[in-house]
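In what follows, a structure is listed as structure tokens, so that the remarks can point back to it.
Any read-out appearing in this document is the output of simple, stated calculations on the displayed coordinates, not a laboratory observation. For clarity, every value in this text was computed on a predicted model and none was experimentally measured. Virtual Cβ from ideal backbone geometry, glycine too; neighbours counted across all protein chains shown.
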Amino acid sequence: QVQLVESGGGLVQVGGSLTLSCAASGRTLSGYAMGWFRQAPGKAREFVASISRAGPRTTYADSVKGRYTISRDGAKNTLYLQMNNLNPEDTAVYYCAADTGSSWLETPLREYDYDYWGQGTQVTVSS
């Protein structure tokens, strides 16, 4: 059993930055591929970024590529999402997730690939 807790969300102006954290307990994250997803009001949850178990390799949605950076800290058992140059389309609840079944270099893209999810943290980008 893995518990994931997101933090770091809040209100930010257009063009600003935020860093989200996802702290894990119950298991270490080193054996899992990890991902970030987001869900805006009235929309389906969508893929944001993922990071593999080793390498690490990363994959980003086109909408955030060049602005977001996903990373992991094994010593702190924590996943991060650095978000820069935010715009109103980034407003959403952001979720972290862990995939227990990925191989070393996989960066999963689909919700159904992931086995554990956090409760989400709200990011609001205001003009």
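Model label points for residue 82 and residue 11, set 7 angstrom from Cα along the Cα-to-Cβ axis, are 2.7 nm apart.
Among rounded, prolate and oblate, which fits region 60-127 when a ≥ b ≥ c are the square roots of the eigenvalues of its C-alpha gyration tensor, a/c under 1.5 means rounded, and a/b larger than b/c means prolate? In terms of gyration-tensor shape, prolate. Under the combined filter of DSSP loop state and at most 11 neighbouring Cβ atoms within 10 Å, region 1-97 retains these trypsin sites (Lys or Arg not before Pro): 43, 65. Structural descriptor for the chain: relative contact order 36 percent, calculated from alpha carbon pairs under 8 angstrom and at least 6 residues apart. For the pair residue 25 and residue 109, label points projected 7 Å from Cα toward Cβ lie 3.5 nm apart. Around residue 14, with a cut-off of 14 angstrom between Cβ atoms, what is the net charge of the other residues, counting Lys and Arg +1 and Asp and Glu -1? That sum, taken over residues with Cβ under 14 Å, equals -1. For residue 68, neighbours were defined as the other residues whose beta-carbon sits under 15 Å from its Cβ, and their charges (Lys and Arg +1, Asp and Glu -1) total -1.
The overall shape of region 5-47 is oblate: from the C-alpha gyration tensor, with semi-axes ordered a ≥ b ≥ c, the ratio a/c is 1.5 or greater and a/b is no larger than b/c. Rounded, prolate or oblate: pick one for the chain, where a ≥ b ≥ c are the square roots of the eigenvalues of its C-alpha gyration tensor, a/c under 1.5 means rounded, and failing that, prolate if a/b is larger than b/c, else oblate. Prolate is the answer for the chain, as a/c is 1.5 or above and a/b outweighs b/c. Maximal additional length on extending the residue 124-residue 71 stretch stands at 16.9 nm, based on 0.36 nm per residue less the C-alpha distance.
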